[in-house]
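In what follows, a single structure is set out as structure tokens and then discussed.
Bear in mind that the values in this text are calculations on the coordinates, not laboratory data. Remember, predicted model here, so these are calculated numbers, not experimental data. No Cβ is skipped: glycine too gets one built from the backbone with ideal geometry, and neighbour counts run over all protein chains shown.
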Amino acid sequence: MAEHGAREKRQRVIAALRDATAAPAWSAAEDARARRRQLARMAWSLARIDELKRAQKAADAAWMKLVAAYDDWDEEEIPELDPPPEQAAVDAIFEEIHAVAEEDRWPAHLHWSV
């Protein structure tokens, strides 16, 4: 019974998508808002990637300082090291970018308010 209702719902959605009159026409203002949102998202993306690169350089330098004390050790003898604080910044920025790229989850200010 539930499958029948789900099938009917899918058929209604497909029919609505096929019917050109089912989708309201966008006004010029809505088009402009969509374009501003697209540009804001692009600017945000480029800025976050630049920030990721800067954060990664800082994290790389911090890691190098951590492992410098073990420079002459065999790799198997080096103890498990906690990541430097700079790595947390890299991870946070990466998660933001990943959420956008893989799940289409944008920061709140880049949704419909732009």
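Within a Cβ distance under 14 Å of Leu39, other residues only, what is the Lys/Arg minus Asp/Glu net charge?
+4
Relative to the longest principal axis of the C-alpha atoms of the chain, give the angle of the C-alpha long axis of helix 28-68, reported between 0 and 90° and rounded to the nearest 10°.
The helix 28-68 is inclined about 20 degrees to the chain.
Taking percent of Cα pairs over 24 Å apart straight from the coordinates, which label in (1) 59; (2) 40; (3) 22 is the correct one?
For percent of Cα pairs over 24 Å apart, the calculated option is (1).
In degrees, nearest 10, range 0 to 90: what is the angle between the Cα axis of helix 2-18 and the longest Cα principal axis of the chain?
80
Hand me the GluC sites (Glu not before Pro) from region 22-95 located in a DSSP loop with no more than 12 other Cβ atoms within 10 Å, in residue order please.
For GluC sites (Glu not before Pro) across region 22-95 that sit outside H, G, I, E and B with at most 12 neighbouring Cβ atoms in 10 Å, the list reads Glu80.
In nm, to one decimal, how far is the Asp71 label point from the Ala58 one, both placed 7 Å along Cα→Cβ?
For Asp71 paired with Ala58, the spin-label model returns 2.5 nm.
Using helices alone, I'd like the mean residue ellipticity at 222 nm for the chain: each DSSP H run of four-plus residues gives -39500 (n - 2.57), total over residue count, nearest 500.
-24000 deg cm²/dmol
Where does helix 85-103 land angle-wise versus the long Cα axis of the chain, in degrees 0 to 90, nearest 10?
Taking Cα atoms only, the helix is inclined about 20 degrees.
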